[in-house]
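The values are calculated or read from the model by the stated rules, or taken from the named source; none is laboratory data. Just so you know, these numbers come straight off a predicted model, no measurement behind them. Because the Cβ atoms are built from the backbone with ideal geometry, glycine has one as well, and the counts that use them run over all protein chains shown.
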Amino acid sequence: MSQPPIPEHAIRQVVIVGGGTAGWMAAAAFARLLNNGYTHVTLVESEEIGTVGVGEATIPPILSFNQMLGLDENDFLAATAGTFKLGIEFVDWGQRGERYFHPFGRFGQDLQGVHFHQLWLRERSRRALPDIAEWSMSAMAARAGRFGRARPDAQSPVRELFYAFHFDAGLYARYLRGYAERGGVTRVEGRIEGVDLRPEDGHVRAVTLADGRRIEGELFIDCSGFRGLLIEGALETGYESYAHWLPCDRAVAAPCALPNPREPDPFTRATAREAGWQWRIPLQHRMGNGLVYCSDHLADDDAAAQLLGALEGELLGDPRRLRFTAGRRRESWNRNVVALGLSSGFLEPLESTSIHLVQAALQRLIALFPDNRFDPAERAEFNRQMRDLYEDVRDFIIFHYKATRRDDTPFWNRVRTMDVPDSLARKMALWAGKGRLFREGYDLFSNPSWVAVGLGQGTVPQHWEPAVDALDEHLVAQALEQMRAGYADTAARLPSHGDFLRATAPSPLAPGLTGGTGSGFDFARQGATPGRGPLL
(Lines give C-alpha, C1' and ligand atoms only; values in the text may rest on other atoms or scores of the structure.)
Protein backbone atom coordinates (compact mmCIF):
# COMPACT_ATOMS: atom_id res chain seq x y z
CA MET A 1 0.00 0.00 0.00
CA SER A 2 1.57 3.27 -1.12
CA GLN A 3 2.07 6.17 1.26
CA PRO A 4 -0.02 9.28 0.57
CA PRO A 5 2.00 12.14 -0.92
CA ILE A 6 3.56 14.62 1.47
CA PRO A 7 1.72 17.96 1.31
CA GLU A 8 3.70 20.50 -0.69
CA HIS A 9 4.12 23.03 2.11
CA ALA A 10 4.23 20.65 5.06
CA ILE A 11 6.31 21.45 8.12
CA ARG A 12 9.15 18.92 8.18
CA GLN A 13 11.22 20.09 11.17
CA VAL A 14 9.81 21.19 14.55
CA VAL A 15 12.36 22.29 17.15
CA ILE A 16 11.43 22.58 20.84
CA VAL A 17 13.82 24.83 22.76
CA GLY A 18 13.92 23.78 26.42
CA GLY A 19 12.71 20.74 28.32
CA GLY A 20 10.98 20.77 31.69
CA THR A 21 7.25 20.28 31.97
CA ALA A 22 6.28 22.54 29.07
CA GLY A 23 8.89 21.18 26.66
CA TRP A 24 8.16 17.53 27.29
CA MET A 25 4.39 18.09 27.26
CA ALA A 26 4.83 19.57 23.78
CA ALA A 27 7.12 16.74 22.71
CA ALA A 28 4.67 14.09 23.95
CA ALA A 29 1.70 15.78 22.26
CA PHE A 30 3.58 16.05 18.98
CA ALA A 31 4.72 12.43 19.19
CA ARG A 32 1.08 11.43 19.48
CA LEU A 33 -0.57 13.88 17.06
CA LEU A 34 2.10 14.65 14.44
CA ASN A 35 2.99 11.03 13.74
CA ASN A 36 2.46 11.59 10.03
CA GLY A 37 5.67 10.16 8.59
CA TYR A 38 7.22 13.44 7.54
CA THR A 39 7.24 15.87 10.52
CA HIS A 40 10.27 15.30 12.74
CA VAL A 41 10.46 16.77 16.26
CA THR A 42 13.72 17.68 18.00
CA LEU A 43 13.97 18.89 21.60
CA VAL A 44 17.06 20.80 22.69
CA GLU A 45 17.83 21.11 26.39
CA SER A 46 20.86 21.44 28.62
CA GLU A 47 21.39 19.61 31.88
CA GLU A 48 23.44 22.63 32.95
CA ILE A 49 20.29 24.76 33.03
CA GLY A 50 17.83 23.96 35.78
CA THR A 51 14.09 24.07 35.16
CA VAL A 52 11.63 26.01 37.28
CA GLY A 53 8.82 23.50 36.83
CA VAL A 54 5.51 25.10 35.92
CA GLY A 55 3.59 23.58 38.79
CA GLU A 56 2.92 20.51 40.86
CA ALA A 57 -0.85 20.93 41.11
CA THR A 58 -3.31 20.68 38.24
CA ILE A 59 -6.98 21.10 37.32
CA PRO A 60 -9.35 18.50 35.80
CA PRO A 61 -8.67 19.20 32.08
CA ILE A 62 -5.33 17.41 32.51
CA LEU A 63 -7.32 14.16 32.43
CA SER A 64 -8.17 14.82 28.79
CA PHE A 65 -4.48 15.46 28.01
CA ASN A 66 -3.46 12.17 29.62
CA GLN A 67 -6.28 10.36 27.82
CA MET A 68 -5.21 11.86 24.51
CA LEU A 69 -1.74 10.43 25.09
CA GLY A 70 -3.25 7.09 26.10
CA LEU A 71 -1.56 7.12 29.53
CA ASP A 72 -2.54 4.61 32.19
CA GLU A 73 -3.59 6.75 35.14
CA ASN A 74 -2.23 4.46 37.83
CA ASP A 75 1.12 4.05 36.06
CA PHE A 76 1.35 7.83 35.61
CA LEU A 77 0.64 8.48 39.30
CA ALA A 78 3.14 5.89 40.52
CA ALA A 79 5.85 7.24 38.21
CA THR A 80 5.34 10.86 39.32
CA ALA A 81 4.69 10.18 43.04
CA GLY A 82 1.30 11.70 42.37
CA THR A 83 -1.77 12.12 44.53
CA PHE A 84 -5.36 13.03 43.75
CA LYS A 85 -6.63 16.59 44.04
CA LEU A 86 -10.31 17.35 44.67
CA GLY A 87 -9.95 21.12 44.94
CA ILE A 88 -8.26 23.89 46.94
CA GLU A 89 -8.78 24.84 50.56
CA PHE A 90 -8.41 28.59 51.14
CA VAL A 91 -7.41 29.75 54.61
CA ASP A 92 -7.61 33.38 55.87
CA TRP A 93 -8.57 34.84 52.47
CA GLY A 94 -11.93 36.45 53.19
CA GLN A 95 -10.95 37.36 56.74
CA ARG A 96 -8.46 36.00 59.23
CA GLY A 97 -9.77 32.85 60.90
CA GLU A 98 -12.00 31.88 57.97
CA ARG A 99 -11.58 29.05 55.51
CA TYR A 100 -13.50 27.71 52.55
CA PHE A 101 -13.14 25.06 49.86
CA HIS A 102 -13.12 25.55 46.09
CA PRO A 103 -14.07 22.06 44.84
CA PHE A 104 -13.90 20.62 41.38
CA GLY A 105 -17.30 19.89 39.87
CA ARG A 106 -20.63 21.42 40.63
CA PHE A 107 -22.75 22.30 43.63
CA GLY A 108 -25.91 20.23 43.97
CA GLN A 109 -28.48 19.81 41.22
CA ASP A 110 -30.27 22.56 39.34
CA LEU A 111 -34.05 22.42 39.65
CA GLN A 112 -36.36 23.31 36.76
CA GLY A 113 -33.65 25.32 35.06
CA VAL A 114 -32.72 27.30 38.18
CA HIS A 115 -29.06 27.18 39.19
CA PHE A 116 -28.42 25.44 42.49
CA HIS A 117 -26.63 28.39 44.10
CA GLN A 118 -29.76 30.49 43.51
CA LEU A 119 -31.81 27.91 45.42
CA TRP A 120 -29.22 27.96 48.19
CA LEU A 121 -29.33 31.78 48.40
CA ARG A 122 -33.09 31.83 48.92
CA GLU A 123 -33.04 28.96 51.40
CA ARG A 124 -30.29 30.75 53.32
CA SER A 125 -32.67 33.66 53.84
CA ARG A 126 -35.23 31.32 55.45
CA ARG A 127 -33.01 29.39 57.88
CA ALA A 128 -29.43 28.77 58.94
CA LEU A 129 -27.70 26.70 56.27
CA PRO A 130 -24.39 24.86 56.27
CA ASP A 131 -21.63 25.98 53.93
CA ILE A 132 -22.49 25.41 50.28
CA ALA A 133 -19.53 22.98 50.13
CA GLU A 134 -21.79 20.39 51.80
CA TRP A 135 -23.57 20.14 48.44
CA SER A 136 -20.36 19.21 46.59
CA MET A 137 -19.25 15.61 46.20
CA SER A 138 -15.61 16.62 45.75
CA ALA A 139 -15.66 18.92 48.78
CA MET A 140 -17.25 16.32 51.04
CA ALA A 141 -14.76 13.65 49.97
CA ALA A 142 -11.87 16.08 50.52
CA ARG A 143 -13.16 17.00 53.98
CA ALA A 144 -13.18 13.32 54.91
CA GLY A 145 -9.79 12.63 53.28
CA ARG A 146 -11.37 10.12 50.90
CA PHE A 147 -11.30 9.28 47.21
CA GLY A 148 -12.82 6.85 44.71
CA ARG A 149 -13.52 6.38 41.04
CA ALA A 150 -17.05 6.00 39.67
CA ARG A 151 -18.18 3.10 37.52
CA PRO A 152 -19.28 4.21 34.02
CA ASP A 153 -22.88 3.33 34.96
CA ALA A 154 -22.75 4.79 38.48
CA GLN A 155 -26.01 6.38 39.63
CA SER A 156 -24.86 7.61 43.05
CA PRO A 157 -23.35 11.06 43.70
CA VAL A 158 -19.88 9.54 43.28
CA ARG A 159 -20.27 10.28 39.57
CA GLU A 160 -19.95 13.95 40.55
CA LEU A 161 -16.49 13.38 42.05
CA PHE A 162 -14.24 15.50 39.81
CA TYR A 163 -10.51 15.43 40.33
CA ALA A 164 -7.07 16.40 39.09
CA PHE A 165 -3.58 15.56 40.36
CA HIS A 166 -0.61 16.69 42.38
CA PHE A 167 2.71 15.35 41.12
CA ASP A 168 6.44 15.93 41.13
CA ALA A 169 7.07 18.23 38.14
CA GLY A 170 10.55 16.83 37.55
CA LEU A 171 9.28 13.25 37.54
CA TYR A 172 6.42 14.28 35.24
CA ALA A 173 8.88 15.74 32.71
CA ARG A 174 10.95 12.54 32.90
CA TYR A 175 7.85 10.41 32.39
CA LEU A 176 6.76 12.40 29.34
CA ARG A 177 10.30 12.35 27.98
CA GLY A 178 10.19 8.55 27.87
CA TYR A 179 6.83 8.68 26.11
CA ALA A 180 8.04 11.24 23.56
CA GLU A 181 11.30 9.47 22.77
CA ARG A 182 9.45 6.20 22.26
CA GLY A 183 7.27 8.15 19.83
CA GLY A 184 10.23 9.29 17.74
CA VAL A 185 11.19 12.64 19.28
CA THR A 186 14.94 13.28 19.22
CA ARG A 187 16.53 14.89 22.27
CA VAL A 188 19.68 16.97 21.79
CA GLU A 189 21.82 17.86 24.81
CA GLY A 190 23.39 21.29 24.60
CA ARG A 191 23.31 24.92 25.62
CA ILE A 192 22.00 27.34 23.00
CA GLU A 193 24.32 30.29 22.45
CA GLY A 194 23.04 31.76 19.21
CA VAL A 195 19.86 32.27 17.20
CA ASP A 196 20.00 32.68 13.42
CA LEU A 197 17.21 34.77 11.85
CA ARG A 198 16.30 34.80 8.17
CA PRO A 199 17.08 38.29 6.84
CA GLU A 200 14.08 38.36 4.49
CA ASP A 201 11.34 37.95 7.13
CA GLY A 202 12.96 37.65 10.57
CA HIS A 203 11.87 34.05 11.07
CA VAL A 204 14.13 31.84 13.16
CA ARG A 205 16.18 29.66 10.85
CA ALA A 206 18.34 27.78 13.37
CA VAL A 207 19.76 27.76 16.87
CA THR A 208 23.49 27.29 17.49
CA LEU A 209 24.81 25.30 20.44
CA ALA A 210 27.89 26.09 22.51
CA ASP A 211 29.87 23.34 20.79
CA GLY A 212 29.10 24.78 17.35
CA ARG A 213 26.31 22.40 16.33
CA ARG A 214 23.49 24.00 14.39
CA ILE A 215 19.85 22.85 14.76
CA GLU A 216 17.69 24.01 11.89
CA GLY A 217 13.90 24.06 11.89
CA GLU A 218 10.78 25.49 10.33
CA LEU A 219 8.59 25.80 13.43
CA PHE A 220 10.17 26.58 16.81
CA ILE A 221 8.51 26.03 20.19
CA ASP A 222 10.01 28.24 22.90
CA CYS A 223 9.95 26.46 26.27
CA SER A 224 13.01 28.24 27.65
CA GLY A 225 11.32 29.62 30.76
CA PHE A 226 11.05 33.19 31.98
CA ARG A 227 13.85 34.44 29.72
CA GLY A 228 11.97 33.56 26.52
CA LEU A 229 15.14 32.87 24.55
CA LEU A 230 13.39 32.97 21.17
CA ILE A 231 10.09 34.77 21.68
CA GLU A 232 11.70 37.68 23.52
CA GLY A 233 15.47 37.36 23.25
CA ALA A 234 15.49 36.94 19.47
CA LEU A 235 12.12 38.33 18.34
CA GLU A 236 11.57 41.07 20.98
CA THR A 237 7.86 40.34 21.14
CA GLY A 238 7.13 42.49 24.20
CA TYR A 239 5.37 41.75 27.48
CA GLU A 240 2.03 42.91 28.88
CA SER A 241 2.29 43.25 32.64
CA TYR A 242 -0.58 42.44 35.00
CA ALA A 243 1.40 43.69 38.01
CA HIS A 244 -1.08 46.48 38.74
CA TRP A 245 -3.68 43.87 39.69
CA LEU A 246 -1.38 41.00 40.65
CA PRO A 247 1.45 42.71 42.56
CA CYS A 248 3.08 39.55 43.93
CA ASP A 249 6.44 39.30 42.16
CA ARG A 250 8.48 36.83 44.20
CA ALA A 251 8.24 33.26 45.39
CA VAL A 252 10.32 31.03 47.62
CA ALA A 253 9.75 27.27 47.55
CA ALA A 254 10.96 24.41 49.72
CA PRO A 255 10.00 20.71 50.11
CA CYS A 256 9.43 19.10 53.49
CA ALA A 257 8.47 15.71 54.90
CA LEU A 258 4.78 14.82 54.98
CA PRO A 259 3.18 15.23 58.43
CA ASN A 260 1.16 12.05 57.82
CA PRO A 261 2.87 9.94 55.10
CA ARG A 262 0.15 7.27 55.08
CA GLU A 263 -2.67 9.73 54.44
CA PRO A 264 -1.71 12.68 52.21
CA ASP A 265 -4.57 15.15 51.84
CA PRO A 266 -6.47 14.97 48.52
CA PHE A 267 -6.42 18.75 48.09
CA THR A 268 -4.14 21.75 47.77
CA ARG A 269 -4.13 24.39 50.51
CA ALA A 270 -3.59 28.12 49.93
CA THR A 271 -3.10 30.13 53.13
CA ALA A 272 -3.11 33.92 53.00
CA ARG A 273 -0.09 35.53 54.68
CA GLU A 274 0.76 39.15 55.51
CA ALA A 275 2.00 40.03 52.00
CA GLY A 276 0.88 37.14 49.81
CA TRP A 277 -0.01 33.50 50.29
CA GLN A 278 1.51 30.08 50.93
CA TRP A 279 0.88 26.89 48.99
CA ARG A 280 0.85 23.36 50.38
CA ILE A 281 0.85 20.47 47.90
CA PRO A 282 0.95 16.88 49.29
CA LEU A 283 2.68 14.31 47.09
CA GLN A 284 3.27 10.67 47.93
CA HIS A 285 6.86 11.22 49.05
CA ARG A 286 6.99 14.83 50.24
CA MET A 287 5.11 18.07 50.73
CA GLY A 288 5.59 20.90 48.24
CA ASN A 289 5.56 24.33 49.91
CA GLY A 290 6.00 27.85 48.69
CA LEU A 291 5.32 31.47 49.56
CA VAL A 292 4.18 33.85 46.83
CA TYR A 293 4.64 37.47 47.97
CA CYS A 294 4.94 41.11 47.01
CA SER A 295 8.45 42.50 47.43
CA ASP A 296 7.01 45.98 48.06
CA HIS A 297 5.68 44.67 51.37
CA LEU A 298 8.00 41.82 52.38
CA ALA A 299 11.78 41.43 52.18
CA ASP A 300 13.22 38.29 50.60
CA ASP A 301 14.92 37.06 53.78
CA ASP A 302 11.78 37.62 55.81
CA ALA A 303 9.75 35.70 53.23
CA ALA A 304 12.12 32.72 53.43
CA ALA A 305 12.00 32.77 57.23
CA GLN A 306 8.21 32.96 57.16
CA LEU A 307 7.97 29.93 54.87
CA LEU A 308 10.50 27.82 56.76
CA GLY A 309 8.82 28.66 60.05
CA ALA A 310 5.50 27.34 58.75
CA LEU A 311 6.69 23.97 57.43
CA GLU A 312 4.91 20.95 58.88
CA GLY A 313 7.82 18.52 58.53
CA GLU A 314 11.57 18.23 58.19
CA LEU A 315 13.09 20.42 55.48
CA LEU A 316 14.14 18.18 52.56
CA GLY A 317 15.96 20.63 50.28
CA ASP A 318 17.35 24.12 50.02
CA PRO A 319 14.78 26.88 49.41
CA ARG A 320 14.57 28.10 45.80
CA ARG A 321 13.81 31.71 44.98
CA LEU A 322 11.94 32.98 41.94
CA ARG A 323 11.35 36.46 40.56
CA PHE A 324 8.59 37.19 38.08
CA THR A 325 6.17 39.75 36.72
CA ALA A 326 2.62 38.54 36.28
CA GLY A 327 1.53 38.95 32.67
CA ARG A 328 1.92 37.53 29.19
CA ARG A 329 3.80 38.01 25.93
CA ARG A 330 2.00 40.41 23.63
CA GLU A 331 1.92 37.56 21.13
CA SER A 332 2.22 33.90 22.08
CA TRP A 333 2.94 33.09 18.43
CA ASN A 334 5.31 35.50 16.67
CA ARG A 335 6.59 34.72 13.16
CA ASN A 336 7.56 31.03 13.31
CA VAL A 337 7.94 30.83 17.11
CA VAL A 338 5.24 29.66 19.51
CA ALA A 339 5.91 30.24 23.21
CA LEU A 340 4.68 27.74 25.81
CA GLY A 341 4.75 27.79 29.59
CA LEU A 342 6.79 30.46 31.32
CA SER A 343 8.10 31.72 27.95
CA SER A 344 4.53 32.68 27.08
CA GLY A 345 3.61 34.32 30.38
CA PHE A 346 3.13 33.75 34.06
CA LEU A 347 0.08 33.94 36.27
CA GLU A 348 0.25 33.14 39.94
CA PRO A 349 -0.11 29.44 40.79
CA LEU A 350 -3.10 30.30 42.98
CA GLU A 351 -5.59 28.21 40.98
CA SER A 352 -3.05 25.75 39.52
CA THR A 353 -3.44 26.94 35.94
CA SER A 354 0.19 26.89 34.73
CA ILE A 355 0.15 23.36 33.32
CA HIS A 356 -3.32 23.92 31.89
CA LEU A 357 -2.13 26.97 29.95
CA VAL A 358 0.52 24.78 28.32
CA GLN A 359 -2.10 22.14 27.51
CA ALA A 360 -4.54 24.75 26.15
CA ALA A 361 -1.87 26.28 23.92
CA LEU A 362 -0.95 22.86 22.55
CA GLN A 363 -4.59 22.06 21.78
CA ARG A 364 -4.94 25.31 19.87
CA LEU A 365 -1.62 24.89 18.09
CA ILE A 366 -2.59 21.43 16.87
CA ALA A 367 -5.97 22.77 15.70
CA LEU A 368 -4.25 25.65 13.86
CA PHE A 369 -1.05 23.84 12.91
CA PRO A 370 0.64 25.79 10.12
CA ASP A 371 2.45 24.85 6.97
CA ASN A 372 5.68 26.57 5.99
CA ARG A 373 3.80 29.54 4.53
CA PHE A 374 2.61 30.55 8.02
CA ASP A 375 -0.81 31.96 7.25
CA PRO A 376 -1.22 35.20 9.27
CA ALA A 377 -4.89 34.37 9.90
CA GLU A 378 -3.96 31.16 11.75
CA ARG A 379 -1.40 32.97 13.85
CA ALA A 380 -3.81 35.80 14.65
CA GLU A 381 -6.53 33.37 15.73
CA PHE A 382 -4.13 31.51 18.01
CA ASN A 383 -3.01 34.77 19.62
CA ARG A 384 -6.60 35.96 20.07
CA GLN A 385 -7.65 32.75 21.77
CA MET A 386 -4.62 32.71 24.06
CA ARG A 387 -5.11 36.36 24.98
CA ASP A 388 -8.73 35.69 25.93
CA LEU A 389 -7.72 32.64 27.98
CA TYR A 390 -4.99 34.50 29.86
CA GLU A 391 -7.33 37.39 30.62
CA ASP A 392 -10.04 35.04 31.86
CA VAL A 393 -7.62 33.31 34.24
CA ARG A 394 -6.18 36.70 35.25
CA ASP A 395 -9.63 37.99 36.23
CA PHE A 396 -10.45 34.92 38.30
CA ILE A 397 -7.18 35.21 40.23
CA ILE A 398 -7.69 38.95 40.78
CA PHE A 399 -11.15 38.14 42.17
CA HIS A 400 -9.56 36.26 45.08
CA TYR A 401 -7.65 39.39 46.11
CA LYS A 402 -10.34 41.97 45.40
CA ALA A 403 -13.02 40.00 47.25
CA THR A 404 -11.09 40.00 50.53
CA ARG A 405 -12.43 41.83 53.55
CA ARG A 406 -9.01 41.97 55.18
CA ASP A 407 -7.56 45.33 56.14
CA ASP A 408 -4.96 44.17 58.66
CA THR A 409 -1.84 44.69 56.51
CA PRO A 410 -0.79 47.22 53.83
CA PHE A 411 -0.75 44.48 51.21
CA TRP A 412 -4.33 43.36 51.81
CA ASN A 413 -5.52 46.97 51.96
CA ARG A 414 -3.83 47.56 48.62
CA VAL A 415 -5.50 44.67 46.79
CA ARG A 416 -8.86 45.15 48.51
CA THR A 417 -9.11 48.76 47.34
CA MET A 418 -7.52 48.49 43.88
CA ASP A 419 -9.45 49.03 40.66
CA VAL A 420 -9.99 45.92 38.54
CA PRO A 421 -10.30 45.23 34.79
CA ASP A 422 -13.67 46.20 33.30
CA SER A 423 -14.31 42.56 32.41
CA LEU A 424 -14.08 41.58 36.09
CA ALA A 425 -15.95 44.66 37.33
CA ARG A 426 -18.96 43.71 35.19
CA LYS A 427 -18.95 40.14 36.49
CA MET A 428 -18.65 41.26 40.12
CA ALA A 429 -21.51 43.74 39.73
CA LEU A 430 -23.84 41.08 38.35
CA TRP A 431 -22.84 38.72 41.16
CA ALA A 432 -23.36 41.32 43.89
CA GLY A 433 -26.93 42.06 42.80
CA LYS A 434 -28.64 38.71 42.29
CA GLY A 435 -25.83 36.16 42.11
CA ARG A 436 -25.86 36.10 38.32
CA LEU A 437 -22.97 34.56 36.42
CA PHE A 438 -22.48 34.16 32.68
CA ARG A 439 -19.79 32.24 30.82
CA GLU A 440 -18.50 33.62 27.56
CA GLY A 441 -15.66 33.23 25.13
CA TYR A 442 -12.89 30.96 26.37
CA ASP A 443 -13.73 31.05 30.07
CA LEU A 444 -11.81 28.32 31.88
CA PHE A 445 -13.57 28.55 35.23
CA SER A 446 -17.24 27.61 35.23
CA ASN A 447 -19.91 29.23 37.36
CA PRO A 448 -19.44 26.92 40.39
CA SER A 449 -15.84 28.14 40.71
CA TRP A 450 -16.98 31.77 40.91
CA VAL A 451 -19.69 30.73 43.39
CA ALA A 452 -17.13 28.96 45.59
CA VAL A 453 -14.80 31.96 45.79
CA GLY A 454 -17.55 34.58 46.00
CA LEU A 455 -19.46 32.91 48.85
CA GLY A 456 -16.29 31.57 50.44
CA GLN A 457 -14.83 35.06 50.82
CA GLY A 458 -18.05 36.56 52.10
CA THR A 459 -19.30 38.43 49.02
CA VAL A 460 -22.89 37.25 49.33
CA PRO A 461 -25.34 38.63 46.72
CA GLN A 462 -28.02 41.01 47.94
CA HIS A 463 -30.83 38.86 46.53
CA TRP A 464 -31.54 35.98 44.17
CA GLU A 465 -33.10 35.60 40.72
CA PRO A 466 -36.91 36.04 40.65
CA ALA A 467 -37.26 32.64 38.94
CA VAL A 468 -36.42 31.00 42.27
CA ASP A 469 -39.62 32.32 43.82
CA ALA A 470 -41.69 30.31 41.36
CA LEU A 471 -40.51 27.11 43.06
CA ASP A 472 -42.28 25.71 46.11
CA GLU A 473 -40.03 26.52 49.05
CA HIS A 474 -40.92 23.35 50.98
CA LEU A 475 -40.13 21.10 48.03
CA VAL A 476 -36.87 22.97 47.47
CA ALA A 477 -35.93 22.58 51.15
CA GLN A 478 -36.66 18.85 50.99
CA ALA A 479 -34.62 18.45 47.80
CA LEU A 480 -31.66 20.29 49.33
CA GLU A 481 -31.63 18.03 52.37
CA GLN A 482 -31.83 14.90 50.23
CA MET A 483 -28.90 16.09 48.13
CA ARG A 484 -26.80 16.96 51.16
CA ALA A 485 -27.44 13.60 52.79
CA GLY A 486 -26.52 11.81 49.57
CA TYR A 487 -23.15 13.54 49.32
CA ALA A 488 -22.33 12.90 52.98
CA ASP A 489 -23.32 9.22 52.79
CA THR A 490 -21.35 8.64 49.60
CA ALA A 491 -18.24 10.31 51.00
CA ALA A 492 -18.41 8.09 54.09
CA ARG A 493 -18.39 4.96 51.89
CA LEU A 494 -15.28 5.91 49.92
CA PRO A 495 -11.85 4.53 50.84
CA SER A 496 -9.35 6.87 52.39
CA HIS A 497 -7.11 8.68 49.93
CA GLY A 498 -4.07 6.81 51.25
CA ASP A 499 -5.81 3.45 50.98
CA PHE A 500 -6.81 4.17 47.41
CA LEU A 501 -3.25 5.10 46.45
CA ARG A 502 -1.83 2.02 48.17
CA ALA A 503 -4.24 -0.18 46.22
CA THR A 504 -3.74 1.44 42.82
CA ALA A 505 -0.64 3.60 42.31
CA PRO A 506 1.94 3.49 45.14
CA SER A 507 5.21 5.21 44.24
CA PRO A 508 8.49 3.44 45.06
CA LEU A 509 9.59 6.81 46.49
CA ALA A 510 6.85 6.70 49.12
CA PRO A 511 7.42 4.00 51.77
CA GLY A 512 4.47 5.38 53.73
CA LEU A 513 2.14 4.27 50.96
CA THR A 514 3.29 0.68 50.69
CA GLY A 515 1.80 -2.24 52.58
CA GLY A 516 -1.75 -3.02 53.60
CA THR A 517 -4.81 -0.83 53.32
CA GLY A 518 -4.65 0.14 56.98
CA SER A 519 -8.28 1.15 57.53
CA GLY A 520 -9.91 -2.19 56.83
CA PHE A 521 -11.73 -0.88 53.73
CA ASP A 522 -13.00 -3.88 51.78
CA PHE A 523 -11.92 -3.23 48.21
CA ALA A 524 -13.26 -6.55 46.94
CA ARG A 525 -16.69 -5.83 48.37
CA GLN A 526 -16.71 -2.43 46.71
CA GLY A 527 -16.02 -3.86 43.26
CA ALA A 528 -12.30 -3.33 42.81
CA THR A 529 -11.10 -3.61 39.22
CA PRO A 530 -7.52 -4.74 38.54
CA GLY A 531 -5.41 -1.75 37.62
CA ARG A 532 -8.20 0.69 38.50
CA GLY A 533 -9.07 0.25 42.15
CA PRO A 534 -12.52 0.32 43.71
CA LEU A 535 -15.35 1.58 41.54
CA LEU A 536 -18.54 2.81 43.15
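GLU331 meets all of the listed conditions (1) surrounded by fewer than 23 Cβ atoms within 10 Å (Cβ to Cβ); (2) in contact with a helix residue (DSSP H, G or I) (Cβ under 6 Å, 6 or more places away or on another chain); (3) closer than 28 Å to ASN74 by Cβ but one, namely (3).
Summed over segment 396-421, residues that are touching a residue at least 40 places away in the same chain (Cβ under 8 Å) and either under 20 Å from ARG328 (Cα atoms) or part of a loop (DSSP other than H, G, I, E, B) (or both) total 15. Out of VAL358, VAL338, VAL393, report the one residue that is of a type in the set (A, V, I, L, M, F, W, C) and either free of Cβ contacts under 8 Å to residues at least 12 places away in the same chain or part of a strand (DSSP E or B) (or both). One residue alone meets the criteria, VAL338.
Scan segment 440-452 and tell me whether some residue there is small (Gly, Ala, Ser) and more than 22 Å from LEU347 (Cβ to Cβ). The answer is no, given that none of the residues of segment 440-452 is small (Gly, Ala, Ser) and more than 22 Å from LEU347 (Cβ to Cβ). The residues of segment 369-393 that are among the aliphatic types (A, V, I, L, M) and exposed (fewer than 15 other Cβ atoms within 10 Å of the Cβ), listed by number, are ALA377, ALA380.
Residues that are out of contact with any Gly (no Cβ under 7 Å at 6 or more places or on another chain) and of a type in the set (A, V, I, L, M) were ranked within segment 1-27; the one that is nearest to TYR175 (Cα to Cα) is MET25. Quick check on THR237: is it β-branched (Val, Ile, Thr), more than 30 Å from MET140 (Cβ to Cβ) and crowded, with 18+ Cβ neighbours inside 10 Å? The answer is yes for THR237. For segment 472-507, the set of residues classified as assigned to a helix (DSSP H, G or I), farther than 18 Å from PHE76 by Cβ and of a type in the set (Ser, Thr, Tyr) consists of TYR487, THR490, listed by residue number.
Within segment 284-306, not a single residue is among the β-branched types (Val, Ile, Thr), under 25 Å from GLN67 (Cα atoms) and modelled with pLDDT of 95 or more.
Quickly run through segment 454-464 and pick out the residues that are under 32 Å from the mean Cα position of the chain (by Cα) and outside any helix (DSSP H, G or I). Within segment 454-464, GLN457, GLY458, THR459, VAL460, PRO461, GLN462, TRP464 meet the criteria. Residue count for segment 54-85, restricted to those that are assigned to a loop (DSSP other than H, G, I, E, B) and either of a type in the set (Phe, Trp, Tyr) or out of contact with any Asp or Glu (no Cβ under 9 Å at 6 or more places or on another chain) (or both): 8.
Here's the yes/no breakdown for (1) among the hydrophobic types (A, V, I, L, M, F, W, C); (2) touching a residue at least 12 places away in the same chain (Cβ under 8 Å):
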site: GLY178; (1), (2): no, no
site: ASP196; (1), (2): no, yes
site: HIS203; (1), (2): no, yes
site: THR208; (1), (2): no, yes
site: LEU219; (1), (2): yes, yes
site: CYS223; (1), (2): yes, yes
site: ALA234; (1), (2): yes, yes
site: ALA253; (1), (2): yes, yes
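With respect to LEU424, is the statement that it is in a helix (DSSP H, G or I), at pLDDT 95 or above, touching a Phe, Trp or Tyr at 6+ places or on another chain (Cβ under 8 Å) and surrounded by fewer than 22 Cβ atoms within 10 Å (Cβ to Cβ) true? Taking the combined requirement at face value, the residue satisfies it. Restricting attention to segment 152-183, the residues being loosely packed, with under 15 Cβ neighbours inside 10 Å and more than 20 Å from LEU509 (Cβ to Cβ) number 4.
Within segment 1-29, track down each residue that is under 20 Å from ARG373 (Cα atoms) and not in a loop (DSSP other than H, G, I, E, B). Give the steps one after another, and end with the answer.
Just the residues of segment 1-29 that are under 20 Å from ARG373 (Cα atoms), to begin with: 5-16.
Passing the criteria: GLN13, VAL14, VAL15, ILE16.
Of the residues making up segment 256-281, those that are hydroxyl-bearing (Ser, Thr, Tyr) and either touching a Cys at 6+ places or on another chain (Cβ under 6 Å) or surrounded by fewer than 22 Cβ atoms within 10 Å (Cβ to Cβ) (or both) number 1. Candidates in segment 379-402 are the residues that are closer than 19 Å to ILE221 by Cβ and aliphatic (A, V, I, L, M); of these, the one that is farthest from the chain's Cα centre (by Cα) is ALA380.
When restricted to residues that are surrounded by 24 or more Cβ atoms within 10 Å (Cβ to Cβ), outside any loop (DSSP other than H, G, I, E, B) and out of contact with any strand residue (DSSP E or B) (no Cβ under 7 Å at 6 or more places or on another chain), segment 86-117 contains 1. Considering only segment 341-355, state which residues are assigned to a helix (DSSP H, G or I) and either surrounded by fewer than 23 Cβ atoms within 10 Å (Cβ to Cβ) or at negative phi (or both). Within segment 341-355, LEU342, SER343, PRO349, LEU350, GLU351, SER354, ILE355 meet the criteria. Taken over segment 272-318, the criterion of being of a type in the set (Ser, Thr, Tyr) and part of a helix (DSSP H, G or I) is satisfied by no residue. Given the criteria surrounded by 15 or more Cβ atoms within 10 Å (Cβ to Cβ), in contact with a helix residue (DSSP H, G or I) (Cβ under 6 Å, 6 or more places away or on another chain) and at pLDDT 95 or above, does ALA253 qualify? For ALA253, the condition - surrounded by 15 or more Cβ atoms within 10 Å (Cβ to Cβ), in contact with a helix residue (DSSP H, G or I) (Cβ under 6 Å, 6 or more places away or on another chain) and at pLDDT 95 or above - is not met. Checked against the criterion of being surrounded by fewer than 19 Cβ atoms within 10 Å (Cβ to Cβ), in contact with a Gly (Cβ under 9 Å, 6 or more places away or on another chain) and modelled with pLDDT of 95 or more, segment 197-207 has at least one qualifying residue.
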